[in-house]
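The values are calculated or read from the model by the stated rules, or taken from the named source; none is laboratory data. Here the structure is a predicted model, which is why all the values come from computation and not from measurement. All Cβ positions, glycine included, derive from the backbone under ideal geometry; neighbour counts span all protein chains shown. Ligands, DNA and RNA are stripped out before the accessible areas are found, and what is left, the full protein with its side chains, is counted by its heavy atoms. Shrake-Rupley method; radii C 1.70, N 1.55, O 1.52, S 1.80 Å.
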Amino acid sequence: MTRSDLVEELAARFSQLTHRDAEFAVKAILDAMNDALVRGHRIEIRGFGSFSINHRPPRMGRNPRSGESVAIPEKRVPHFKPGKALREAVDQRTTELETKNQD
């Protein structure tokens, strides 16, 4: 699902929202999430999952073309951990599709 698909889905589910309002709502939510992660905060959406920042320490890597060692600096990267309800829903749906394909 893309951002525009999300806007379309929101506008379709809530007829009182114009397409422009739905687009503004999606942008506002994503911007708020982005700002929270940039500040190092954790985002938790019950039943869906949580977003946090993981710290990757500096390390030595290797250039695959030349084989020489390259210093890779430390990084902070976003991390998503799905909630129990999402994991179970995805697992159940995957199991149903596998069962249907075996028939």
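Table for the structure above
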{"item": "Residue in the range 56-69 that is at pLDDT 95 or above, surrounded by 11 or more Cβ atoms within 10 Å (Cβ to Cβ) and touching a Gly at 6+ places or on another chain (Cβ under 7 Å) present", "result": "no"}
{"item": "Among (1) within 23 Å of residue 79 (Cα to Cα); (2) at pLDDT below 95; (3) of a type in the set (A, V, I, L, M); (4) open to solvent by less than 80 Å² (accessible area, probe 1.4 Å), the one test that residue 1 misses", "result": "(4)"}
{"item": "Flag for residue 21 being part of a helix (DSSP H, G or I), exposed (fewer than 11 other Cβ atoms within 10 Å of the Cβ) and on the phi < 0 side of the Ramachandran plot", "result": "no"}
{"item": "For residue 80: the one exception among (1) touching a residue at least 12 places away in the same chain (Cβ under 8 Å); (2) part of a helix (DSSP H, G or I); (3) not basic (Lys, Arg)", "result": "(2)"}
{"item": "Unmet criterion (only one of (1) farther than 23 Å from residue 88 by Cβ; (2) open to solvent by less than 90 Å² (accessible area, probe 1.4 Å); (3) at pLDDT below 95) for residue 35", "result": "(3)"}
{"item": "Residue match in the range 42-53 (condition: surrounded by 12 or more Cβ atoms within 10 Å (Cβ to Cβ), on the phi > 0 side of the Ramachandran plot, in contact with a strand residue (DSSP E or B) (Cβ under 8 Å, 6 or more places away or on another chain) and assigned to a strand (DSSP E or B))", "result": "yes"}
